[in-house]
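Since every read-out is calculated from the coordinates, none of them should be taken as a lab result. This is a predicted model, so every value here is computed, not measured. Counting neighbours? That spans all protein chains shown, and the Cβs are built from the backbone with ideal geometry, glycine included.
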Amino acid sequence: MSTAFIPGSFDPFHLGHVDVVDQALELFESAVVGVLVNFEKPSGLFTPDERVDLARETLADRAGVTVRAFGGLAIDAAAEVGATAIAKGLRSAADYDIEQQMAHMNHSVTGIRTVFLPCRPDFGFVSSRFIREIASHGGRVEHLVSAPVAAALAGKFGSPST
Ligand code: PNS
């Protein structure tokens, strides 16, 4: 069975991430979303467990997708799940500059290939970092995230005020 490993911080999972998963499911028989975390020194808005739960809830109606947290390297996590390839979404040339270097590093070390998936234009501007920042100041981001993530953000910061 062909499997895409989709790594990321997913803090939090947003609709651009959903698009990447959906595109991967058109090319691979299954997908594993890997929430990459530093278990010794967790940082970020949501805990690793919260990120996994929110991605799971967001993707609950899709067959062939699993979500897990991993520590360490993406290549080790990809090997652990028997992935055929790593899949990454690209929003911009800036993403490409970073991602192509990681893709070549990962290939040179293990031989695993990375497949780049171009983000849908209507989600090309979405980032977890700006979602966190805007939500923390009471701004509305519900149109950029799933209902469970919107509820979790409201739980952290209160309901949006704008
Ligand atoms: O959502 P992000 O923050 O863009 O995800 C980046 C992530 C977690 C996928 C990337 O930093 C990563 O793969 N980290 C795991 C550590 C690793 O494999 N490092 C070597 C890269 S060549």
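Within the option set Gly82, Gly139, being exposed (fewer than 14 other Cβ atoms within 10 Å of the Cβ) and not β-branched (Val, Ile, Thr) holds for one residue only, Gly82.
If the condition is being within 11 Å of the ligand (Cβ to nearest atom), surrounded by fewer than 23 Cβ atoms within 10 Å (Cβ to Cβ) and in a strand (DSSP E or B), then the range 8-51 contributes Gly8, Leu36. Test Thr84 against the stated conditions and say whether it is in contact (Cβ under 8 Å) with a residue 24 or more places away in the chain and closer than 22 Å to Val65 by Cα. Yes, satisfied. Being in a helix (DSSP H, G or I), within 24 Å of Ala147 (Cβ to Cβ) and more than 11 Å from the ligand (Cβ to nearest atom): is that true of Leu54 here? Spelling it out, Leu54 is indeed in a helix (DSSP H, G or I), within 24 Å of Ala147 (Cβ to Cβ) and more than 11 Å from the ligand (Cβ to nearest atom). Do you know which residues across the range 3-36 are within 22 Å of Ala150 (Cα to Cα), more than 8 Å from the chain's Cα centre (by Cα) and of a type in the set (Gly, Ala, Ser)? Across the range 3-36, the qualifying residue is only Gly16. Checking Phe116, Phe125 one by one, the residue that is in a loop (DSSP other than H, G, I, E, B), free of Cβ contacts under 8 Å to residues at least 40 places away in the same chain and within 16 Å of Lys88 (Cα to Cα) is Phe125 and no other.
When each of Arg113, Arg129, Arg120 is tested for being over 14 Å from the mean Cα position of the chain (by Cα), charged (D, E, K, R) and within 14 Å of the ligand (Cβ to nearest atom), the lone residue that passes is Arg113.
Cβ-Cβ distances below 8 Å connect the following pairs, each with a first residue in the range 136-156 that is at positive phi, a second residue that is assigned to a loop (DSSP other than H, G, I, E, B), and a separation of six or more residues or different chains: Gly138/Gly158; Gly138/Pro160; Gly138/Ser161; Gly138/Thr162. Picking from residues in the range 76-110 that are more than 9 Å from the ligand (Cβ to nearest atom) and of a type in the set (S, T, N, Q), the one that is nearest to Asp22 (Cα to Cα) is Thr84.
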